[in-house]
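Take a look at the structure below.
The values are calculated or read from the model by the stated rules, or taken from the named source; none is laboratory data. Owing to the predicted nature of the structure, the values given are computational and were not obtained by experimental measurement. No Cβ is skipped: glycine too gets one built from the backbone with ideal geometry, and neighbour counts run over all protein chains shown.
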Amino acid sequence: MLTVGVAVAGIQLSAAPRPDSFYTAPDDVAAEPGQLLRAEPFERIIPDGARAWRILYTTTVDGEHPVLAWAHGTTGFATGCAPSLLDEPFVAGAMPDLAGTLEQGWAVVATDYVGLGTDGAHPYLIGPAEGRSVLDSVRAAQQLGEAGLSPTSVIWGHSQGGHAALWAGGLAGSYASELEVAGVAAISPAANLPGLFDALNSSPIGSLFGSFALAAYAAEYPEINARDYVRPGARLMFEAMSRRCLSDPATIVSVATTLAGREPIWSRDPLEGPMGGRAAENVPTMLIDAPLLLAQGADDTLVTPATQEGYVGDRRAAGQEIDYRVHEGEDHLSIIADDSPMIPELREWMQERFSSAAPSPGSAGSAAR
């Protein structure tokens, strides 16, 4: 971080001199360290025959770390499915390129969400509670003085976490206005919930994610009864799946293989009745003031491009600016793999957000000869 620095050494206590205008940095400070801003002859206590100049220049100091608030993808509904409890927490939550992110000097704050690892039901795909979990994780982490966190943050998430990130971005101004949210990035977000639930109704893997969603909605909303939506012959499977954790993204593939060919768990369309109404309520439709990036894999069969494009179109029609990027050849998981071409794009986009939010670079004074 470029900054203004002044050093004074003395051998006795006295009133501090008042800096003159030389020490005031110009408005157009160079962004690079080591740049000369101002110079003038310096004559105090200089040996005979020597020449000296007082100079003002740019430099860098160790600064606060910008915050990446990571909202993880689906790990399960049960309390024990918190990423922080699993053997590889960032793998479980499908966070891409953690090492590369930290090398940028950014700090990562990663919520488990309420109900994962803590008491109470996990609000899976229930937007307000997810969004508040993300924002409050940043609030709490910034109280950890030794971490040296900047007040500036970017919120990002994948799948369920993309849904949470969008809700966090929408809630930030009213719920956590003191936070400086510089951007929101949602990767393959589960945003268009009616469209997603419709797809889950006919997909083998839909029985798994549908179990998580139905268990969460039944726990949160008293008018929803899981038995009204699950076939009698599938109730044991529903209960078993709602207790299962996805310890890593590959588990999704194995579960999909196991469920292939089986009849879906549903006895009725999940978009009918109170389940459908609550799904519509949890679509993130609040305007997000910060820059918004939404990335989607063209080959995603879980959150399909058609479903995502419907959401993007609706939000743009409502006045939301969205940087929407579709990545050819990428599916729901490969788009957040460490070798995904989306990762360097995302990192560059986040760097731009932090640079835009950074204060003007400063300067330092010195005497040179």
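Overview of results
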| quantity | calculated |
| --- | --- |
| Residue count, the stretch 31-73 (criterion: at pLDDT 70 or above and either on the phi > 0 side of the Ramachandran plot or touching a Cys at 6+ places or on another chain (Cβ under 9 Å) (or both)) | 1 |
| Near pairs, Cβ below 6 angstrom, 6+ apart or cross-chain, from the stretch 341-369 (closer than 16 Å to Leu294 by Cα and surrounded by 12 or more Cβ atoms within 10 Å (Cβ to Cβ)) to any residue that is among the acidic types (Asp, Glu) and at pLDDT below 90 | Ile343/Asp97 |
| Boolean, Ser211 is out of contact with any His (no Cβ under 8 Å at 6 or more places or on another chain), buried (at least 18 other Cβ atoms within 10 Å of the Cβ), modelled with pLDDT under 90 and in a helix (DSSP H, G or I) | yes |
| Some residue of the stretch 224-244 being closer than 16 Å to Thr304 by Cβ, in a helix (DSSP H, G or I), at pLDDT below 90 and of a type outside the set (A, V, I, L, M, F, W, C) | no |
| Some residue of the stretch 304-326 being closer than 15 Å to Gly162 by Cα, crowded, with 16+ Cβ neighbours inside 10 Å, among the acidic types (Asp, Glu) and modelled with pLDDT of 90 or more | no |
| Some residue of the stretch 158-180 being touching a residue at least 40 places away in the same chain (Cβ under 8 Å), in contact with a Leu (Cβ under 7 Å, 6 or more places away or on another chain) and assigned to a strand (DSSP E or B) | no |
| Gly93 being closer than 28 Å to Val303 by Cβ, at pLDDT below 75 and surrounded by 10 or more Cβ atoms within 10 Å (Cβ to Cβ) | yes |
| Flag if Thr301 is hydroxyl-bearing (Ser, Thr, Tyr) and modelled with pLDDT of 95 or more | no |
| Filter pass, Ala16 being in a loop (DSSP other than H, G, I, E, B), exposed (fewer than 15 other Cβ atoms within 10 Å of the Cβ) and at pLDDT below 80 | yes |
| Complete set of residues in the stretch 285-330 that are in a strand (DSSP E or B), out of contact with any His (no Cβ under 8 Å at 6 or more places or on another chain) and not acidic (Asp, Glu) | Leu292, Leu293, Leu294, Tyr324, Arg325, Val326, His327 |
| Of all residues in the stretch 126-145 being β-branched (Val, Ile, Thr) and in contact with a helix residue (DSSP H, G or I) (Cβ under 7 Å, 6 or more places away or on another chain), the one that is surrounded by the most Cβ atoms within 10 Å (Cβ to Cβ) | Val134 |
| Unique residue being at pLDDT below 75 and on the phi < 0 side of the Ramachandran plot when the list is Ile265, Ile252, Ile288 | Ile252 |
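Rundown of residues vs (1) among the aromatic types (Phe, Trp, Tyr); (2) surrounded by fewer than 17 Cβ atoms within 10 Å (Cβ to Cβ); (3) more than 22 Å from the chain's Cα centre (by Cα), yes/no style:
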residue	(1), (2), (3)
Trp156	yes, no, no
Ala172	no, no, no
Ala185	no, no, no
Ile205	no, no, yes
